[in-house]
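Take a look at the structure below.
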Amino acid sequence: MQLTRPQAVIFDWDNTLVDSWGTIHAALAETFVAMGHQPWTLAEVKQKVARSMRDSFPIIFGERWKEAAQIYQDSFLAVHLQNLQAFEHSEKVLDLLQKEAIFTAIASNKKGDALRKEVAHLEWTDYFHAIIGAGDTALDKPAADPALEAMKYSGISVGKNVWFIGDSEVDMQCADAAGCLPIWYGESENKPPQYDIKYTVSDHSELLKMLKGL
């Protein structure tokens, strides 16, 4: 399949457009200690964190998951804006998409209110036609709901003309379920083999070149 100019691009947020691992790791460590669990290493966090809190915390913490969720949220929200770092060239990508009048959205498993605060903090709100976070739809990623909800605002029929760019298996599952074209963000050797992912970008400089080439 030859890559063609997209009509729409849906981005994951954490660790696709912005680097959030340090903040997520610190907030999880505080939560794990408070709940009597052994904290995960940063490498474990990068490997295991992808699903939304309402999907993952009941598995980790059982019946006390809501207590753990509150501890995590308090810790995360205390520092997430001051620690927020956009990836190099990510804003250039968004600027190009805006200039080319390509519909752009976010579908994230970060809670919707926190997500929109981060987007606003970077002064990026105007880049996106839809910003969909965890809890904004009946199901979070890996279900198709967040991507399909984002596309409701586009007037575009979802297909391979809609790119879904993300760094985790749940992103690729969501893209596949929604019928989007999955594009892996990160090292190609890390992409999940069970999905038909033909396109990979290792950073936003590469993504910028890809888009300009179309």
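Values as computed for the structure displayed
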{"read-out": "Among (1) modelled with pLDDT under 95; (2) under 25 Å from LEU214 (Cβ atoms), the one test that PHE128 misses", "value": "(1)"}
{"read-out": "Contacts under 7 angstrom Cβ, first residue in segment 19-43 being free of Cβ contacts under 8 Å to residues at least 40 places away in the same chain, partner of a type in the set (Lys, Arg) and assigned to a helix (DSSP H, G or I), 6 or more apart", "value": "TRP21/LYS46; MET35/ARG64; TRP40/LYS48"}
{"read-out": "Any hit, segment 9-16, residues being surrounded by fewer than 15 Cβ atoms within 10 Å (Cβ to Cβ) and not charged (D, E, K, R)", "value": "no"}
{"read-out": "Pairs where the first residue, in segment 189-214, is under 22 Å from GLU100 (Cα atoms) and the second is assigned to a strand (DSSP E or B) and hydroxyl-bearing (Ser, Thr, Tyr), C-beta under 7 Å, 6+ apart", "value": "VAL201/TYR185"}
{"read-out": "Subset of segment 101-145 (residues that are within 15 Å of ASP55 (Cβ to Cβ), in a loop (DSSP other than H, G, I, E, B) and without any contact (Cβ under 8 Å) to a residue 12 or more places away in the chain)", "value": "ALA138, LEU139"}
{"read-out": "So GLN38, is it polar (S, T, N, Q), in a helix (DSSP H, G or I) and surrounded by fewer than 17 Cβ atoms within 10 Å (Cβ to Cβ)", "value": "no"}
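The values are calculated or read from the model by the stated rules, or taken from the named source; none is laboratory data. Since the structure is predicted, the reported quantities are computational estimates derived from the model, not experimental observations. FYI the Cβ positions are ideal-geometry reconstructions off the backbone, even for glycines, and counts take in every protein chain you see.
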